[in-house]
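Contents: one structure, followed by commentary.
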Amino acid sequence: MEKIPMTRAGFVALEAELKNLKSVERPAIIQAIAEARELGDLSENAEYHSAREKQSFIEGRIKELEGIIGLAEVIDPTTMSGTIKFGATVTLVDEDTDEEKTWQIVGEHEANIERGLLNIKSPIARALIGKDEGDSVEVRTPGGEKSYEVLKIQFI
């Protein structure tokens with residue numbers, strides 16, 4: 001099986017979610033199912049069916065997280081330097097609008113564009129890999145061609 005790269009913060013967040021699902025959500029849903037059973041006829045018991053559906057989702061997510069965590073390869077960006085690679089925090093300027101953006105390139109399971117965490121498999125991240133400060137990058141996005149200049153590379 002192929003290892004899944006992720007930062008320490010991403011790994012810790014997945015572990016916390018798994019712990020919450022196992023120690024809080026799972027016992028709560030088991031209790032909800034038990035209470036719904038006490039209400040009688042299960043064939044027409046909406047609370048029971050809703051609780052069972054939620055239990056199925058929780059168990060599926062637990063299995064998914066256990067698989068991801070089992071294959072995780074935690075990479076510490078602070079030990080790196082040089083050109084853009086996984087874990088780099090990159091400041092770019094859009095060459096058309098002069099708008100600056102800062103993203104950290106992370107694994108797909110921790111990516112969140114609103115928080116500045118860019119999926120390593122995204123078109124922008126793939127275009128940035130191997131580039132250096134001052135380089136110009138052409139990216140084909142769903143919205144069309146974009147041109148960026150790399151202003152700063154940090155490994156924090």
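Across the range 35-63, what is the number of residues that are more than 13 Å from Lys22 (Cα to Cα) and aromatic (Phe, Trp, Tyr)?
1
Mind listing just one residue for me: the one in the range 69-78 that is under 30 Å from Ser136 (Cβ atoms) and assigned to a helix (DSSP H, G or I) and, of those, most open to solvent (accessible area, probe 1.4 Å)? Write out each step before concluding.
Keep residues of the range 69-78 that are under 30 Å from Ser136 (Cβ atoms), which gives 75-78.
Subsequent filtering for residues that are assigned to a helix (DSSP H, G or I) retains 77-78.
Details: Pro77: 9, Thr78: 85 Å².
Per the stated criteria, the residue is Thr78.
Which of the strands (runs of 3 or more DSSP E) contained wholly in the range 102-156 include at least 3 residues that are among the hydrophobic types (A, V, I, L, M, F, W, C)? Steps first, please.
Working: elements: 117-119, 136-141, 144-154.
By residue number, 144-154.
With the requirement that a residue be within 11 Å of the chain's Cα centre (by Cα) and among the acidic types (Asp, Glu), what does the range 92-121 give you?
Glu108, Glu110
Enumerate the pairs (first residue in the range 92-117 and hydroxyl-bearing (Ser, Thr, Tyr); second residue anywhere and in a strand (DSSP E or B)) with beta-carbon separation below 8 Å, excluding pairs fewer than 6 apart on the same chain, so at least 6 apart or on different chains.
Listed by first residue and then by second, the contacts come to Thr102/Thr89; Thr102/Val90; Thr102/Thr91; Thr102/Leu92.
Can you spot a residue in the range 91-108 that is small (Gly, Ala, Ser) and open to solvent by 20 Å² or more (accessible area, probe 1.4 Å)?
Step one: filter the range 91-108 for residues small (Gly, Ala, Ser), giving 107.
If we keep only those that are open to solvent by 20 Å² or more (accessible area, probe 1.4 Å) too, we end up with none.
The answer is no; no qualifying residue exists.
Are there any pairs with C-beta distances below 6 angstrom linking a residue in the range 21-41 that is more than 13 Å from Ile62 (Cβ to Cβ) and assigned to a helix (DSSP H, G or I) to a residue that is among the acidic types (Asp, Glu) and open to solvent by 60 Å² or more (accessible area, probe 1.4 Å), with the two at least 6 apart or on different chains, and if so which?
Cβ pairs passing all conditions: Ala36/Glu47.
Looking at the range 59-68, can you tell me whether even one residue there is closer than 28 Å to Glu2 by Cβ, outside any loop (DSSP other than H, G, I, E, B), open to solvent by 70 Å² or more (accessible area, probe 1.4 Å) and touching a Leu at 6+ places or on another chain (Cβ under 9 Å)?
Filtering the range 59-68 down to residues closer than 28 Å to Glu2 by Cβ leaves 59-68.
Pick out the ones that are also outside any loop (DSSP other than H, G, I, E, B) and you get 59-68.
Then keep just the ones that are open to solvent by 70 Å² or more (accessible area, probe 1.4 Å); that gives 63-64, 66.
If we keep only those that are touching a Leu at 6+ places or on another chain (Cβ under 9 Å) as well, we get 66.
Checked the range 59-68: at least one residue is closer than 28 Å to Glu2 by Cβ, outside any loop (DSSP other than H, G, I, E, B), open to solvent by 70 Å² or more (accessible area, probe 1.4 Å) and touching a Leu at 6+ places or on another chain (Cβ under 9 Å).
Kindly evaluate Ser81 against the criterion of being polar (S, T, N, Q), open to solvent by 60 Å² or more (accessible area, probe 1.4 Å) and within 27 Å of Lys22 (Cα to Cα). Spell out the reasoning first.
On the way: polar (S, T, N, Q): yes; open to solvent by 60 Å² or more (accessible area, probe 1.4 Å): yes; within 27 Å of Lys22 (Cα to Cα): no.
No, not satisfied.
Cβ-Cβ under 6 Å, sequence separation 6+ or interchain: first residue in the range 136-151 and in contact (Cβ under 8 Å) with a residue 60 or more places away in the chain, partner surrounded by fewer than 17 Cβ atoms within 10 Å (Cβ to Cβ). Which pairs?
Short answer, once both residue conditions are applied: Val150/Glu133; Val150/Asp135; Leu151/Thr91; Leu151/Val93.
The values are calculated or read from the model by the stated rules, or taken from the named source; none is laboratory data. As the structure is a computational prediction, the values presented were derived from the model and not from experiment. Every residue, glycine as well, gets a Cβ built from its backbone with ideal geometry; the counts of neighbours run over all protein chains shown. Side chains included, ligands, DNA and RNA excluded: accessible areas come from the protein's heavy atoms. Shrake-Rupley method; radii C 1.70, N 1.55, O 1.52, S 1.80 Å.
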